[in-house]
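Below is one structure, written out as structure tokens; comments come after it.
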Amino acid sequence: MERLQKVIATTGFCSRRKAEEYIAKGLVEVNGKIVTKLGTKVNYTDNIVVNGMALDTKEDKVYYLLNKPRGIITSVSDDKKRKTVVDLIKENKRIYPVGRLDYDTTGALILTNDGELTNLLLHPKNHIEKLYIAKINGIPTREQLSRISRGMVIDGKKTGKAKVKVKKVNKRDNSSVVTIAIYEGRNHQIKKLFEAIGYKVLKLRRYGISFLTVDDLKSGEYRKLSVKEVKKLYAQAKLDGND
Ligand code: URA
């Protein structure tokens, strides 16, 4: 048996914290009875209704790693009918991307129907490393890069620490290639960090998420994650004290 809020979060309906709010407000029913006690133990076979919505807790979980091409949106559907990352994967279950990569960003993206893992991977507290390689329109100084590594105020909020390194400098066209590791996933974070020190990101690729890389996948290709990899992702996310 598992705690009710965990089972709700596993379906992807909402985060565990939000599930706790629903429970406390008396909006959760288990087998037809309202449950308001946090931590009540339930089975995945119980009928759970949250805010009037019946949850599917029994669906098998699936996990994919995609090498996202440029020109595809990271979303489940698009009102302009553009192709989405979900369209690239042959899977009948309702899967969704974990976080987002911009339309013009390429590289590693996890897609799943496991809401619990999604919440764990996205929570900045869990310190999951996202590794990027970027081409920028200039050659940053050591001081500029150390401002990024210490964290900068973006949209009114300080970013966490980052690891940033210049890999290649091209004096002819005044550009450089840098690698950067961040541990949170704010919107356009890498582009905004470089903009904040005066540079534009010309190309961006996420080459890794924690221990997963897309080196063995061509652009647009994907593979299922192994049970071992999924367990390892859970373990990494829980290192910082989540249960
Ligand atoms: N940071 C960005 O600016 N864009 C992405 O797609 C991912 C991280």
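The values are calculated or read from the model by the stated rules, or taken from the named source; none is laboratory data. Bear in mind that the values here come from a model prediction, so they are computed numbers and not experimental data. Quick reminder, even Gly has a Cβ in these numbers, built from the backbone with ideal geometry, and neighbours come from all protein chains shown. Only protein heavy atoms, including side chains, enter the accessible area calculation; ligands, DNA and RNA are left aside. Shrake-Rupley method; radii C 1.70, N 1.55, O 1.52, S 1.80 Å.
What FRET efficiency comes out for the pair ASP102/LYS161, r = Cβ-Cβ distance, R0 = 25 Å, nearest 0.05?
Here the calculated transfer efficiency is 0.65.
Hey, got the dipole for segment 1-136? About the Cα centre, +1 on K and R Cβ, -1 on D and E Cβ, debye to the nearest 20?
Dipole size: approximately 240 debye.
Could you tell me the relative contact order of the chain? Use alpha-carbon pairs under 8 Å, at least six residues apart, and round to a whole percent.
21 percent
Mind scanning LYS130/LYS163; LYS157/LYS200; LYS83/LYS135; LYS158/LYS192 and naming the pairs with a C-alpha gap bigger than 18 Å?
Table pairs above 18 Å Cα-Cα are LYS157/LYS200; LYS83/LYS135.
Identify which of ARG70, ARG206, ARG142 has the largest mean-square fluctuation in a Gaussian network model of the chain, with springs joining Cα atoms closer than 10 Å.
In this elastic network of the chain, the residue with the biggest mean-square fluctuation among ARG70, ARG206, ARG142 is ARG142.
Between helix 227-238 and the chain, what is the angle of the helix's C-alpha long axis to the longest principal axis, kept within 0 to 90° and rounded to the nearest 10?
The angle comes out near 80 degrees.
Take the solvent-accessible surface of the protein heavy atoms, probe 1.4 Å, and return the percent of it on segment 2-54 that carbon and sulfur atoms account for.
Of the solvent-accessible surface of segment 2-54, carbon and sulfur hold 49 percent.
Say we join alpha carbon atoms closer than 10 Å with springs in a Gaussian network model of the chain; which of ALA54, ALA108, ALA196 then has the biggest fluctuation?
Result: ALA54 has the largest fluctuation of those listed.
Leaving out ligands and nucleic acids, note down the accessible area per residue over the chain with a 1.4 angstrom probe, in whole Å².
Working: 13210 Å² over 243 residues.
Accessible surface, normalised per residue, equals 54 Å².
Which aspartates and glutamates, if any, have their Cα less than 12 Å from the Cα of LYS41, not counting same-chain residues under 8 positions apart?
Of all the aspartates and glutamates, those that pass the test against LYS41 - Cα under 12 Å, at least 8 places apart if same chain - are GLU2.
For segment 1-71, run through the chymotrypsin sites (Phe, Trp or Tyr not before Pro) and keep only the ones in DSSP coil with at most 16 other Cβ atoms within 10 Å of their Cβ.
For chymotrypsin sites (Phe, Trp or Tyr not before Pro) across segment 1-71 that sit outside H, G, I, E and B with at most 16 neighbouring Cβ atoms in 10 Å, the list reads TYR44.
³J(HN,Hα) across segment 119-125 via Karplus (A = 6.51, B = -1.76, C = 1.60, θ = phi - 60°), whole Hz, x for Gly/Pro?
In residue order, the calculated couplings are 4, 5, 5, 8, 6, x, 4 Hz.
Quick check: with the 1.4 Å probe, what order do LYS90, LYS61, LYS165 take by accessible area, largest first?
Most to least solvent-accessible, the answer reads LYS90, LYS165, LYS61.
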